[in-house]
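Worksheet: the structure to be examined is printed underneath.
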Amino acid sequence: MFGFEDMLHSEFTEWPFKVMFYSIIFLLGISIGSFLNVVILRLPRHESLIKSSSHCMTCGAKIRPIDLIPVFSWLFLRGKCHSCGEKISPRYPIVESLNGLLYVLTFAVLDINAKAIITCVLISLLIVVGFMDWDTMEIDMIIVALIFLLAIPSAIFTEDASIKSRIIGALVISVPFFIIGEISRIFIRKKTGEDFRAIELGDTILMFAAGALLGTQAIIVSAFVGILLAAIGGIAYKAVTGESKLAFGPYLSMGIAIAALWGGSIANWYIGLFADKMQ
Ligand SMILES: [Zn+2]
């Protein structure tokens, strides 16, 4: 029987709690997103992440505290500097709201637990990796090291992947990526005389770190999804701008984030397609 007691405990007490919880998570997400913007901008220039307040890129006017509210300030200022009226890049509110929305999505998909918290940290680090690689064509090794270190709380507080799965996960994609990279390097050097790889070392080390965090199954899903998105993204970018952009990091980051949220389901779905044809 569904009585008053059940109503009190399920729907009626649940939805206000959920609204409040997700609102707090979103606000926390956009605030951290605001800091991620600072990291994306300053880390490649080796500038301090904490000291000195931000200035307008055009007129140098100090950004007022009132203009530092994530997303809302940008909307309130209609994307313009309060002093000179120069456009402020929509990149800032995009990074902030992306981080906020992905935090909400993470808790909605994974529920409230240690894995969700670790995944939120991972997603923020991936946002930095992705945007920085897009800007500078470099994957920052400090951020990748932090992703690798997340494997420690993950191993202690979640039953996400066994130690064996983490060790194999670290190697199963990074080793073939490394080999492909080195072979492509030989061919590229012979053909053009330039020294670069089809898959750069940064991408390889990123997959090593993420593999240690997510385990074998999820890192394989990450690589598949990342390569697929890179192909689609590369074609779309070329169609729109006429240029080709070689940054692989943003797509791998998306693949890793998707695998962290739905890796198990994607793997089961894919294997299920062929399950009856394997015997
Ligand atoms: Zn200005």
Does Gly130 satisfy being more than 16 Å from the ligand (Cβ to nearest atom), in contact with a Pro (Cβ under 6 Å, 6 or more places away or on another chain) and within 30 Å of Ala161 (Cα to Cα)? yes
Going by the conditions given, is Ile142 touching a residue at least 24 places away in the same chain (Cβ under 8 Å) and at negative phi? yes
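Each row is one residue, and each column tells you yes or no for (1) out of contact with any Gly (no Cβ under 8 Å at 6 or more places or on another chain); (2) β-branched (Val, Ile, Thr); (3) under 27 Å from Gly264 (Cα atoms).
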site	(1), (2), (3)
Phe148	yes, no, yes
Ile167	yes, yes, yes
Ser174	no, no, yes
Gly181	yes, no, no
Phe187	yes, no, no
Glu194	yes, no, no
Ala198	no, no, no
Residues in the stretch 181-198: is at least one under 23 Å from the mean Cα position of the chain (by Cα) and closer than 19 Å to Thr119 by Cα? no
Of all residues being farther than 30 Å from His55 by Cα and not in a helix (DSSP H, G or I) in the stretch 81-115, which is nearest to the ligand (Cβ to nearest atom)? Just the residue, please. Ile112
Can you list residue pairs whose Cβ atoms sit under 7 Å apart, with the first residue in the stretch 156-184 being in the same structural domain as Ala209 (by TED's automatic domain parsing) and charged (D, E, K, R) and the second being modelled with pLDDT of 95 or more and assigned to a helix (DSSP H, G or I)? Count only pairs 6 or more apart in sequence or on different chains. Asp160/Lys115; Asp160/Ser154; Arg166/Ala151; Arg166/Ala155; Arg166/Ala212
In the stretch 50-75, which residue that is under 27 Å from the mean Cα position of the chain (by Cα) and without any contact (Cβ under 8 Å) to a residue 12 or more places away in the chain is farthest from the ligand (Cβ to nearest atom)? Ile50
Out of Ala151, Ala161, I need the residue that is buried (at least 23 other Cβ atoms within 10 Å of the Cβ) and under 18 Å from the mean Cα position of the chain (by Cα). Which one? Ala151
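The values are calculated or read from the model by the stated rules, or taken from the named source; none is laboratory data. None of the values given here were measured: they were computed from a predicted structure. Cβ sites come from the backbone with ideal geometry, for glycine too, and all protein chains shown count toward neighbours.
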